[in-house]
Amino acid sequence: MNFLPQDIDDYAVAHTSKEDELLLRLNRETNIKVLQPRMLSGHLQGRVLSMFSHMIQPKYVLEIGTYTGYSAICLAEGLHEDGKLVTIEIDPEVVEFAEKFFKESKYATKIHQKVGDAVEIIDSINDEIDLVFIDADKGNYITYLEKVYPKLRVGGYIIADNVLWSGKVAQPANSKDADTQVLQKFNAMIQTDERFENVLLPVRDGLMIARKVK
């Protein structure tokens with residue numbers, strides 16, 4: 001989903017650093033071989049994630065929802081030299097797809113895949129987290145937020161994808177549309193929660209950026 005006029009979006013993409021050859025190939029193969037390729041972060045959003053990671057230089061990144069691995073590689077680009085990225089995915093088919101690209105990347109030793117229920121895996125993490133990227137099942141966004149909060153360092157960041165949900169969050173939600181309702185509640189929680197400072201960026205389908213302040 002893109003909320004900008006196409007010519008403006010094209011201009012923004014044209015004036016954004018290019019994705020490298022591996023990411024370009026990952027992008028192409030996702031669109032050819034995998035169902036729902038629109039779930040991919042893609043060029044512009046990928047560069048945004050990479051830029052944030054470079055600014056933060058995290059030692060520990062947690063990604064909830066690997067999909068085909070594009071966003072994980074983008075986030076790994078800004079890791080501290082001693083850093084690591086743990087990415088969680090429940091679908092074993094895309095795990096295998098992503099693993100191939102992780103092994104080809106220069107971050108192969110820094111990216112660690114975990115397969116299974118993210119809620120259970122988060123509970124098992126004992127490290128202090130610097131950056132969390134949430135891009136998984138929308139119904140669990142609030143659960144993920146509460147699960148990662150105690151493990152996130154003060155000054156650490158949560159980035160949540162799809163928070164505009166094709167614009168649906170700006171309108172009264174259909175009573176049967178559970179995902180839109182949860183995302184509306186998630187956005188409202190972040191906005192009113194004194195534990196965070198936040199900005200909602202209308203990049204692609206919306207990125208909520210929240211910094212833990214207490």
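The values are calculated or read from the model by the stated rules, or taken from the named source; none is laboratory data. Nothing here was measured: the structure is a model prediction, and the numbers come from that model. Glycine also receives a Cβ, built like all others from the backbone with ideal geometry; neighbour counts cover every protein chain displayed.
Listed residues LEU183, LEU200, LEU131; which is over 18 Å from ILE88 (Cα atoms) and either in a strand (DSSP E or B) or of a type in the set (Asp, Glu) (or both)?
Being over 18 Å from ILE88 (Cα atoms) and either in a strand (DSSP E or B) or of a type in the set (Asp, Glu) (or both) holds for just one of LEU183, LEU200, LEU131, which is LEU200.
Does region 181-190 include one or more residues that are modelled with pLDDT under 95, within 27 Å of LEU4 (Cβ to Cβ) and of a type outside the set (D, E, K, R)?
No, region 181-190 contains no residue that is modelled with pLDDT under 95, within 27 Å of LEU4 (Cβ to Cβ) and of a type outside the set (D, E, K, R).
List pairs: first residue in region 172-194 and over 22 Å from TYR149 (Cβ atoms) and basic (Lys, Arg), second residue at pLDDT below 95 and surrounded by 12 or more Cβ atoms within 10 Å (Cβ to Cβ) anywhere in the structure, Cβ distance under 9 angstrom, at least six positions apart or on different chains.
Pairs found: none.
Out of VAL86, VAL148, report the one residue that is under 15 Å from the mean Cα position of the chain (by Cα), β-branched (Val, Ile, Thr) and in a helix (DSSP H, G or I).
Result of the check over VAL86, VAL148: VAL148.
Please state which one of GLU93, GLU99, GLU63 is outside any loop (DSSP other than H, G, I, E, B), among the acidic types (Asp, Glu) and within 12 Å of the chain's Cα centre (by Cα).
On the way: GLU93 fails: within 12 Å of the chain's Cα centre (by Cα); GLU99 fails: within 12 Å of the chain's Cα centre (by Cα).
Within the list GLU93, GLU99, GLU63, the selection yields GLU63.
When you scan region 186-195, how many residues do you find that are over 12 Å from TRP165 (Cβ atoms) and either buried (at least 21 other Cβ atoms within 10 Å of the Cβ) or of a type outside the set (A, V, I, L, M, F, W, C) (or both)?
From region 186-195, those over 12 Å from TRP165 (Cβ atoms) are 188-195; that's our starting set.
This time we only want the ones that are either buried (at least 21 other Cβ atoms within 10 Å of the Cβ) or of a type outside the set (A, V, I, L, M, F, W, C) (or both), so: 190-195.
Result for region 186-195: 6.
Could you check, for region 68-79, whether at least one of its residues is among the aromatic types (Phe, Trp, Tyr), touching a Ser or Thr at 6+ places or on another chain (Cβ under 9 Å) and closer than 26 Å to ARG25 by Cβ?
Taking every residue of region 68-79 in turn, at least one turns out to be among the aromatic types (Phe, Trp, Tyr), touching a Ser or Thr at 6+ places or on another chain (Cβ under 9 Å) and closer than 26 Å to ARG25 by Cβ.
Quickly run through region 90-116 and pick out the residues that are of a type outside the set (Val, Ile, Thr), in contact with a strand residue (DSSP E or B) (Cβ under 9 Å, 6 or more places away or on another chain) and closer than 19 Å to SER53 by Cβ.
ALA98, PHE102, SER105, TYR107, LYS110, HIS112, GLN113
Could you check region 112-129 and list, in sequence order, the residues that are surrounded by 16 or more Cβ atoms within 10 Å (Cβ to Cβ) and in contact with a Leu (Cβ under 8 Å, 6 or more places away or on another chain)?
If the condition is that a residue be surrounded by 16 or more Cβ atoms within 10 Å (Cβ to Cβ) and in contact with a Leu (Cβ under 8 Å, 6 or more places away or on another chain), then ILE122, ILE125, ILE129 are the ones that fit.
Among the residues in region 2-13, are any in contact with a Pro (Cβ under 6 Å, 6 or more places away or on another chain), under 28 Å from VAL169 (Cα atoms) and in a loop (DSSP other than H, G, I, E, B)? Let's see the steps before the verdict.
If we filter region 2-13 for residues that are in contact with a Pro (Cβ under 6 Å, 6 or more places away or on another chain), which is where we start, we get 3.
Applying the additional criterion that residues be under 28 Å from VAL169 (Cα atoms) yields 3.
If we keep only those that are in a loop (DSSP other than H, G, I, E, B) too, we end up with 3.
For region 2-13, residues in contact with a Pro (Cβ under 6 Å, 6 or more places away or on another chain), under 28 Å from VAL169 (Cα atoms) and in a loop (DSSP other than H, G, I, E, B): present.
Given LEU79, LEU75, which one is surrounded by 19 or more Cβ atoms within 10 Å (Cβ to Cβ), touching a helix residue (DSSP H, G or I) at 6+ places or on another chain (Cβ under 6 Å) and modelled with pLDDT of 95 or more?
LEU75
Mind listing just one residue for me: the one in region 24-41 that is part of a helix (DSSP H, G or I) and buried (at least 20 other Cβ atoms within 10 Å of the Cβ) and, of those, modelled with the highest pLDDT? Break it down into steps so the answer makes sense when it comes.
Narrowing region 24-41 to residues part of a helix (DSSP H, G or I): 24-33, 37-39.
Filter once more, keeping what is buried (at least 20 other Cβ atoms within 10 Å of the Cβ): 26, 30.
On the way: LEU26: 95, THR30: 92.
Applying the filter and picking the extreme gives LEU26.
How many residues does region 190-214 contain that are over 28 Å from ARG47 (Cβ atoms) and of a type outside the set (D, E, K, R)?
Number of matching residues: 1.
Against the definition (closer than 25 Å to ARG204 by Cβ and of a type in the set (Lys, Arg)), how does LYS176 come out, yes or no?
Numbers: closer than 25 Å to ARG204 by Cβ: no; of a type in the set (Lys, Arg): yes.
Taking the combined requirement at face value, the residue does not satisfy it.
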